Amino acid sequence: MTRRWSGEWALDTPADEPAVDVLIPSFGRPAELAVTLSGLAAQDGVPFRVIVSDQTEGEDASFEQPAVRAMVRVLEAQGRPVRLERHLPRRGLAEHRSYLLDLASAPLVLFLDNDVWLEPGSLDRMTRAIRAARCGFIGSAVQGLSYLEDRRPHERAELALWPDDEVTPERIRPGSEGFARWPLHNAANLAHAAAELAIPPGGWRLYRVAWVGGCVLFDREALVECGGFDFWDKLPPEHAGEDVAAQWRVMERHGGAGIIPSGAVHLEAPTTVVDRAIDAAHVILGQ
């Protein structure tokens, strides 16, 4: 399906309106959230707003911690609006993402996990890439830099660049050819791929993905058109893979890609998703 919009939305965005809403679903991990916000404070080149929705239980939300409050003040001093929400009770990952999406109004939305640091220039690079490719999403797969000495060329064998960065729709399901790309995002594979490709400063290449976790920039209209995370009420609260289900629906209509260099660094904190028995993509898409 051809994209309906021309890619000119960035030019039409009023100067005082954000081009990107950064959506951060948060649960626990206040130290990591502070680092995530510090990465956003180092971004430039594109106007954005930050919306944090916290589901930490108890009296104090994560954004009440001193380090988090300090980074919120930095962002606000820079002229970046910050909205802090407390969203309880917890009804699952998909419902939390759906809630955040309903709060967004910018042409682009970046779903950013609360344990990811973005290197300077990442948001601008992703924004320029999605505008050029006119696809449904661009993902910066998170990299674990503790694995820099762990080279895995066999896991990079499925790396396939989009010719001329022209992204087209495709269908991904378990057992399909594209599903075999998932190991690309293990360890520090993309960091090694970026070094081998010798991409010049400020440049990028887009590649085919199975899905991308942790840092995904969507065309909001495309995501909403495909249903967003409207399937949340069909899932039990304990589930995983809700981001995969949403991405696969968008990829089928509008295409999606990963970007090299990634610029997204995983803080390698323990996961807060301990029960992965229910896979949202399996339940929602029947695979």
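The values are calculated or read from the model by the stated rules, or taken from the named source; none is laboratory data. Computed from a predicted structure; not experimentally measured. Neighbour counts are summed over all protein chains in view; Cβ atoms, including those assigned to glycine, are modelled from backbone coordinates with ideal geometry.
How about segment 83-141: which of its residues are among the β-branched types (Val, Ile, Thr) and in a helix (DSSP H, G or I)?
Passing the criteria: 127, 130.
Among the residues that make up segment 202-225, is at least one of them among the β-branched types (Val, Ile, Thr), out of contact with any His (no Cβ under 9 Å at 6 or more places or on another chain), closer than 20 Å to residue 126 by Cβ and crowded, with 19+ Cβ neighbours inside 10 Å?
Within segment 202-225, one or more residues are among the β-branched types (Val, Ile, Thr), out of contact with any His (no Cβ under 9 Å at 6 or more places or on another chain), closer than 20 Å to residue 126 by Cβ and crowded, with 19+ Cβ neighbours inside 10 Å.
Which residue pairs have Cβ atoms under 9 Å apart, sit 6 or more places apart or on different chains, and have a first residue in segment 150-173 that is hydroxyl-bearing (Ser, Thr, Tyr) and a second that is surrounded by 15 or more Cβ atoms within 10 Å (Cβ to Cβ)?
Once the first residue is hydroxyl-bearing (Ser, Thr, Tyr) and sits in segment 150-173, its partners that are surrounded by 15 or more Cβ atoms within 10 Å (Cβ to Cβ) give 168/135; 168/162; 168/255.
Which number in (1) of a type in the set (A, V, I, L, M, F, W, C); (2) more than 11 Å from the chain's Cα centre (by Cα); (3) modelled with pLDDT of 95 or more marks the one condition that residue 94 misses?
(3)
Just to verify a result, which residue in segment 225-273, among those that are among the acidic types (Asp, Glu) and touching a Ser or Thr at 6+ places or on another chain (Cβ under 7 Å), is farthest from residue 206 (Cα to Cα)? Quick ask: steps written out before the conclusion?
Step one: filter segment 225-273 for residues among the acidic types (Asp, Glu), giving 225, 230, 233, 238, 242-243, 252, 268.
The next check asks that each one be touching a Ser or Thr at 6+ places or on another chain (Cβ under 7 Å); those that pass are 230, 268.
Numbers: 230: 28, 268: 25 Å.
Among those residues, the one meeting the criterion is 230.
Of 264, 245, 280, 240, which residue is in contact with a Phe, Trp or Tyr (Cβ under 9 Å, 6 or more places away or on another chain) and either of a type in the set (Val, Ile, Thr) or closer than 28 Å to residue 145 by Cβ (or both)? Quick ask: steps written out before the conclusion?
Details: 245 fails: either of a type in the set (Val, Ile, Thr) or closer than 28 Å to residue 145 by Cβ (or both); 280 fails: either of a type in the set (Val, Ile, Thr) or closer than 28 Å to residue 145 by Cβ (or both); 240 fails: in contact with a Phe, Trp or Tyr (Cβ under 9 Å, 6 or more places away or on another chain).
The unique qualifying residue is 264.
Taking the condition of being among the aromatic types (Phe, Trp, Tyr) and either within 24 Å of residue 272 (Cβ to Cβ) or not in a loop (DSSP other than H, G, I, E, B) (or both), how many residues in segment 142-165 meet it? Spell out the reasoning first.
Filtering segment 142-165 for residues among the aromatic types (Phe, Trp, Tyr) gives 147, 162.
Filter once more, so that each one left must be either within 24 Å of residue 272 (Cβ to Cβ) or not in a loop (DSSP other than H, G, I, E, B) (or both): 147.
Residues meeting the conditions: 1.
In segment 179-198, which residues are in a helix (DSSP H, G or I) and either without any contact (Cβ under 8 Å) to a residue 24 or more places away in the chain or within 16 Å of residue 213 (Cα to Cα) (or both)? Walk me through how you get there before you give the answer.
First, the residues of segment 179-198 that are in a helix (DSSP H, G or I): 179-185, 189-197.
Scanning segment 179-198 gives 179, 180, 181, 182, 183, 184, 185, 189, 190, 191, 195, 196.
Does any residue in segment 41-60 that is in contact (Cβ under 8 Å) with a residue 24 or more places away in the chain and assigned to a loop (DSSP other than H, G, I, E, B) come within less than 8 Å, Cβ to Cβ, of a residue that is of a type in the set (Val, Ile, Thr) and crowded, with 20+ Cβ neighbours inside 10 Å six or more places away or on a different chain, and which pairs are these?
45/127; 46/20; 46/127; 47/20
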